[in-house]
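The next block holds one structure in the form of structure tokens; read it before the comments.
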Amino acid sequence: MLGNIYIILKRETKGYFSTPLAYIFISIFCGLTAAFTFYLGAFLERGQADLFPFFESHPWLLVLLVPSISMRLWAEERKTGSIELLMTLPITTFEAVIGKYLAAWVMIAIALALTFPMWITVNILGNPDNGVVMSSYLGSWLLAGQFLAIGSALSAMTKNQVIAFVISTAACFLFVMSGVEAVTGAIEGLVPNYVISIFSSMSSLDHFYEFVKGVIDLRSLLFYFTSIIFWLLLNIIIINIKKAA
């Protein structure tokens, strides 16, 4: 099983870097994070040796950029008909889903790793808490992993990449906004308090900021891994249903 997953991971990763897709994604991500940090985040004007302005923009950038990767994972396979060829190989749906997912997650990890000049810069300018920086990077990677799992499952539902992008972006945005006070305040009184509490607990943003504070909380880790596993299982179910049809 692990051998098949590795073969798919290697095949998909090579596919990303043999086309402009990976280079465009990495360039846009690194460029936008730098722009948000120095201009909107006023990094130099703050006079503080930390990367909070850098990580503060990540949820909003990932909401838009991750679906641009996930939209092609299965929608393109279904549109071109290559999914039938993939499913005839001696691999299971589980192996195919995990392999393709991990390849995309590795590419996002590379994009995050290539922002290391920001980390070097803040160490030159001051004495940041590098433990907090590492925790923040972990939070960003897990957040991207959650959005990628959501996008992968939703991509399997359609042959149209644009539709996959739109519904994935909307779903990821909902997970980000579910804990925002303005949103929970707007529905307060319309639904029972326990519903609001459950809705708020699903906020990706709240758990992400725990990592940005330097707190690696078991609850936050469980939240992300549970969410990733749920959406990947849904992805497998959808592919099996489509295959049976």
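The values are calculated or read from the model by the stated rules, or taken from the named source; none is laboratory data. Because the structure is predicted, anything quoted here is derived from the model rather than measured. Note that we place each Cβ from the backbone using ideal geometry, even for glycine, and neighbour counts take in every protein chain shown.
Conditions tested, residue by residue: (1) among the aromatic types (Phe, Trp, Tyr); (2) part of a helix (DSSP H, G or I); (3) touching a helix residue (DSSP H, G or I) at 6+ places or on another chain (Cβ under 7 Å); (4) modelled with pLDDT of 85 or more.
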site	(1), (2), (3), (4)
Leu9	no, yes, yes, yes
Lys14	no, yes, no, yes
Thr37	no, yes, yes, no
Gln48	no, no, no, no
Pro53	no, yes, yes, no
Val63	no, yes, yes, yes
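Any residue at all in the range 118-125 that is modelled with pLDDT of 90 or more, assigned to a helix (DSSP H, G or I) and not aromatic (Phe, Trp, Tyr)?
no
Taking the range 125-151 on its own, how many of its residues are over 12 Å from the mean Cα position of the chain (by Cα), hydrophobic (A, V, I, L, M, F, W, C) and closer than 15 Å to Ser57 by Cα?
Final tally of qualifying residues: 1.
Among residues belonging to the range 167-191 that are outside any helix (DSSP H, G or I) and at pLDDT 65 or above, point out the one that is nearest to Leu154 (Cα to Cα).
Step by step, filter the range 167-191, then rank; the result is Ser178.
Which of the residues that make up the range 107-131 are surrounded by 18 or more Cβ atoms within 10 Å (Cβ to Cβ) and over 20 Å from Ile26 (Cβ atoms)?
Result: Val122, single match.
Report the residue count in the range 16-29 for those that are modelled with pLDDT of 85 or more and either of a type in the set (S, T, N, Q) or in contact with a Ser or Thr (Cβ under 6 Å, 6 or more places away or on another chain) (or both).
2
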